[in-house]
Amino acid sequence: MSAVNDTKLKSVIFLLTGLPSDGDTHLWISIPFCFMYVISIVGNSVILLIVKTDPSLHEPMYIFLSMLAITDLGILISTMPTILGIYLFNSREISLDACLVQLFFIHLLQCIESSVLLLMALDRFIAIYNPLRYAAILTLLRIAKMGLVAVIRAMVIILPLPFLLKRFQYCQANVLSHSYCVHREVMNMACSDITVNIIYRLITKLFQMGLDSLLIFLSYVMILKTVLSIASHEERLRALNTCVSHLCALLLFYIPEISLTVIQSFEKDSLPLLQIVLGYISLLLPPLMNPIVYSVKSKHLRERIIRVFIK
């Protein structure tokens, strides 16, 4: 009986879907996806190259931006094979093991990105609250330790997910509504008791999205309190202007993610197209827009990028 169960488990195949379309329109749908991937990969790679090669950009804000770019590149690499595989080659099948690996990296990198956004909020608070000791407080060693803690924390939270899913038997039509694997959908394909997974998913959301968003909110409350204590109106605007890029990154990351979580929690089987679109937005929009937003808002970074392309 055990051998039969093992064989059944290893032979599980999931079918990925995505936006509803026929074979003729798949190629047309692939064009904007390819465009987004190319722009996102080039944009984040340019950010990393310029920060690495320009000593004047070896400051805490740009180092945290590099962490964000690395995380975004990881998300792009994790989702690209299955998304483009569907729309370019109509390749829909994915094995259980490959699906578990993909969902592990997607959730891991999203958790790391949430932590990096929290660190960037802390960076903005220190820069505004104590600008004279900004570089002394956020040293390279301290930033490296923060990044390591963010990775370890994400590993501790996300690592159990594949193992919790691996123990299930999947004995129904394993058709996923997205073009990639995520924990919630794979969990719902199981024909076993998924109570433990539901509870653990809630815990991970609270420790990832809930805790980070609360700490980010408190950071901005302290930033506002500090800014309002500044006498000069111009200095207030200048201090707040340094937070605009980070606020845009926060909105790009949290609004689609929170919207998708709310819809999945309260409208489970309704609005399937909206859930698919929000899923794409939550994964692909931040890597696309973050380099653009920071390049536009940061004069220092924008000048370096222009100089590279002019050369």
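One line per residue, one yes/no per condition, for (1) surrounded by 15 or more Cβ atoms within 10 Å (Cβ to Cβ); (2) within 30 Å of residue 137 (Cα to Cα); (3) more than 20 Å from the chain's Cα centre (by Cα):
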site	(1), (2), (3)
39	yes, no, no
44	yes, yes, no
50	yes, yes, yes
70	yes, yes, no
75	yes, no, no
82	yes, no, no
85	yes, no, yes
102	yes, no, no
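The numbered conditions (1) of a type outside the set (D, E, K, R); (2) out of contact with any Cys (no Cβ under 9 Å at 6 or more places or on another chain); (3) over 30 Å from residue 294 (Cα atoms) are all true for residue 206 except (3). Find the residue count for region 186-216, including only residues that are under 17 Å from the mean Cα position of the chain (by Cα) and of a type in the set (A, V, I, L, M, F, W, C). Total meeting the criteria: 5. One residue stands out in region 180-214 among those that are polar (S, T, N, Q) and farther than 29 Å from residue 120 by Cβ: the one that is surrounded by the fewest Cβ atoms within 10 Å (Cβ to Cβ), namely 195.
Considering region 162-185 alone, what residues qualify as being hydrophobic (A, V, I, L, M, F, W, C) and under 17 Å from the mean Cα position of the chain (by Cα)?
Here is the first cut: in region 162-185, the residues hydrophobic (A, V, I, L, M, F, W, C) are 163-165, 168, 171, 173, 175-176, 181-182.
Residues satisfying the conditions are 181, 182.
Which residue pairs have Cβ atoms closer than 8 Å, lie 6 or more positions apart in sequence or on different chains, and pair a first residue in region 155-178 that is closer than 22 Å to residue 205 by Cα with a second residue that is crowded, with 19+ Cβ neighbours inside 10 Å and among the aromatic types (Phe, Trp, Tyr)? That search, which allows pairs on different chains as well, returns 158/104; 159/104; 161/104; 162/104; 176/14. Among residues of region 103-116 being in contact with a helix residue (DSSP H, G or I) (Cβ under 6 Å, 6 or more places away or on another chain) and not aliphatic (A, V, I, L, M), the one that is farthest from residue 77 (Cα to Cα) is 115.
Residue-wise test of (1) part of a helix (DSSP H, G or I); (2) free of Cβ contacts under 8 Å to residues at least 40 places away in the same chain; (3) closer than 30 Å to residue 275 by Cβ.
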position	(1), (2), (3)
180	no, no, yes
200	yes, no, yes
206	yes, yes, yes
220	yes, no, yes
235	yes, yes, no
249	yes, no, yes
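When the residues of region 256-311 are filtered to those that are outside any loop (DSSP other than H, G, I, E, B) and of a type in the set (Asp, Glu), the one that is farthest from the chain's Cα centre (by Cα) is 303. If you go through region 231-271 and pick out every residue that is of a type in the set (A, V, I, L, M), at pLDDT 80 or above and over 18 Å from residue 291 (Cβ atoms), you end up with 8.
Considering (1) farther than 28 Å from residue 102 by Cβ; (2) loosely packed, with under 13 Cβ neighbours inside 10 Å, the lone condition that residue 163 does not fulfil carries the number (1).
The values are calculated or read from the model by the stated rules, or taken from the named source; none is laboratory data. On a predicted model such as this, the values are computed, not experimentally measured, just so you know. With ideal geometry, Cβ positions are generated from the backbone for all residues, glycine too; neighbour counts draw on all protein chains shown.
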